[in-house]
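Working notes, structure below.
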Amino acid sequence: MSVPLLKIGVVLSTMAMITNWMSQTLPSLVGLNTTKLSAASGGTLDRSTGVLPTNPEESWQVYSSAQDSEGRCICTVVAPQQTMCSRDARTKQLRQLLEKVQNMSQSIEVLDRRTQRDLQYVEKMENQMKGLESKFKQVEESHKQHLARQFKAIKAKMDELRPLIPVLEEYKADAKLVLQFKEEVQNLTSVLNELQEEIGAYDYDELQSRVSNLEERLRACMQKLACGKLTGISDPVTIKTSGSRFGSWMTDPLAPEGDNRVWYMDGYHNNRFVREYKSMADFMNTDNFTSHRLPHPWSGTGQVVYNGSIYFNKFQSHIIIRFDLRTEAILKTRSLDYAGYNNMYHYAWGGHSDIDLMVDENGLWAVYATNQNAGNIVISKLDPISLQILQTWNTSYPKRSAGEAFIICGTLYVTNGYSGGTKVHYAYQTNASTYEYIDIPFQNKYSHISMLDYNPKDRALYAWNNGHQTLYNVTLFHVIRSDEL
């Protein structure tokens with residue numbers, strides 16, 4: 001046998017083996033049961049015509065196999081019909097389950113859409129509820145704050161009115177006293193009228209004595225009306241804007257009628273020139289002034305002009321000087337023993353304000369502090385001629401904590417500060433050697449008070465507020481004590 005024929009035989013044999021393998025193996029490769037190749041009535045395999053399956057609808061079958069012109073194997077495979085699985089019970093169950101799953105999936109999608117819509121509605125309602133809750137809280141807090149403010153205002157008003165109850169009781173007694181005066185005057189008037197008709201019915205000397213006695217009692221009554229308890233301070237009136245941040249200005253409470261001069265001292269140390277303005281109008285509208293040179297520079301802003309003299313604390317000392325403004329001569333000097341000086345016990349704002357001189361209805365005063373009184377405020381009544389200390393009161397109020405101070409009718413009033421919100425909150429009564437904490441509003445318009453003094457003639461507070469010269473009117477409750485008349 002020649003070599004070419006041997007090669008052809010090997011190829012044909014190999015093709016037959018491949019065809020047989022594909023007919024048996026291909027169905028299992030695609031996941032179906034293995035099927036058999038058979039010929040009708042025991043027929044033999046025909047390599048050229050193909051083999052028909054026993055039931056072509058139930059299995060994969062190799063229909064034919066052949067060889068092309070180039071010697072390659074060509075096979076024809078018949079796949080089962082698509083309806084084959086419809087007769088399978090498991091496939092039917094699987095399809096039913098699939099339909100149920102699809103129905104459930106659709107129901108879930110519908111439910112999901114509804115849930116999403118309801119969720120959006122709930123979220124919207126939640127936001128609205130949060131907004132309402134926030135508004136309710138705001139309303140509640142606002143209501144509480146409003147009630148708290150009202151309660152605080154009412155309480156403050158009650159605290160303000162409570163000290164006036166004994167004053168009103170005294171006023172009732174005073175009103176009776178005034179009615180008594182009125183009745184006596186009417187009686188005297190009636191007696192005088194009758195006297196004109198019938199001369200000699202009454203002793204003239206006795207009648208004159210009764211009139212004089214009544215005049216003295218009325219004069220004493222009017223004198224006591226000049227004093228009272230501080231109950232209010234008006235808003236400030238700005239008279240002028242001039243000078244530095246610190247200074248003092250004043251008028252003489254004992255100046256004669258027609259003498260309206262204004263005295264002006266700029267700064268709190270290292271200055272000795274005092275300006276004199278002819279009137280308040282000149283001070284407000286012009287810069288026309290006369291300058292007086294003191295023999296020594298002053299310390300602080302606690303100077304006063306009283307009965308034609310200026311009283312001031314000599315710089316860096318506890319010496320008080322009385323200087324006559326008419327003769328420009330020193331009339332008296334005196335050391336204020338133990339008084340702190342040179343910023344030892346100043347007011348809260350500083351400025352060498354250790355010694356503060358003041359005047360009121362009762363005369364000349366000095367306010368300072370000592371080591372012996374632990375830096376607390378000391379009040380001394382001074383003789384305006386000799387500068388001798390007449391009487392001294394030791395308080396328990398620290399001078400460094402005081403913003404400013406002034407005296408009205410023998411009572412020292414102290415502010416709680418000098419900048420920002422300020423009020424008068426401490427009072428010491430020298431006539432009774434007692435003190436009390438009070439709450440009198442005080443408008444600090446320019447936020448830095450370096451001088452605050454009372455003028456009994458004007459019934460006003462003079463202030464130097466951050467380069468502004470201002471005035472405050474005061475409200476006093478006047479009490480007439482019948483036992484002192």
Worksheet item: Just one of the numbered conditions (1) in a loop (DSSP other than H, G, I, E, B); (2) open to solvent by less than 30 Å² (accessible area, probe 1.4 Å); (3) farther than 30 Å from Ser396 by Cβ is not true of Thr327; which one?
Response: (2)
Worksheet item: Which of the residues that make up region 359-416 are touching a residue at least 60 places away in the same chain (Cβ under 8 Å) and within 38 Å of the chain's Cα centre (by Cα)?
Response: Val359, Asp360, Val367, Ile408, Cys409, Gly410, Thr411, Tyr413
Discussion item. Every residue in region 357-372 that is farther than 28 Å from Asp458 by Cβ and surrounded by fewer than 18 Cβ atoms within 10 Å (Cβ to Cβ), please.
Written reply: Asn371, Gln372
Item to complete: Would you be able to say whether some residue in region 389-406 is basic (Lys, Arg), open to solvent by 10 Å² or more (accessible area, probe 1.4 Å) and on the phi > 0 side of the Ramachandran plot?
Response: no
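Can you name the residue in region 417-430 that is assigned to a loop (DSSP other than H, G, I, E, B) and at pLDDT below 95 and is also surrounded by the fewest Cβ atoms within 10 Å (Cβ to Cβ) among such residues?
Just the residues of region 417-430 that are assigned to a loop (DSSP other than H, G, I, E, B), to begin with: 417-421, 430.
This time we only want the ones that are at pLDDT below 95, so: 417-421.
Values: Gly417: 19, Tyr418: 24, Ser419: 15, Gly420: 8, Gly421: 11.
Selected residue: Gly420.
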Discussion item. Given (1) under 36 Å from the mean Cα position of the chain (by Cα); (2) surrounded by fewer than 21 Cβ atoms within 10 Å (Cβ to Cβ), identify the lone condition not met by Trp249.
Written reply: (2)
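For every residue, the table says whether it meets (1) assigned to a loop (DSSP other than H, G, I, E, B); (2) of a type in the set (Gly, Ala, Ser).
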position	(1), (2)
Leu390	no, no
Gly403	yes, yes
Ala432	yes, yes
Lys445	yes, no
Ala463	no, yes
Leu476	no, no
Item to complete: May I ask you to say which residue of Ser309, Ser291 is open to solvent by less than 10 Å² (accessible area, probe 1.4 Å), closer than 20 Å to Met250 by Cα and of a type in the set (Gly, Ala, Ser)?
Response: Ser309
Worksheet item: Take the residues of region 130-159 that are open to solvent by less than 80 Å² (accessible area, probe 1.4 Å) and of a type in the set (S, T, N, Q): which is nearest to Pro441 (Cα to Cα)?
Response: Ser142
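The values are calculated or read from the model by the stated rules, or taken from the named source; none is laboratory data. Given the structure is predicted, the values throughout are model-derived calculations rather than measurements. Every residue, glycine as well, gets a Cβ built from its backbone with ideal geometry; the counts of neighbours run over all protein chains shown. Accessible surface is based on the protein model in full, side chains and every heavy atom, while ligands, DNA and RNA are left aside. Shrake-Rupley method; radii C 1.70, N 1.55, O 1.52, S 1.80 Å.
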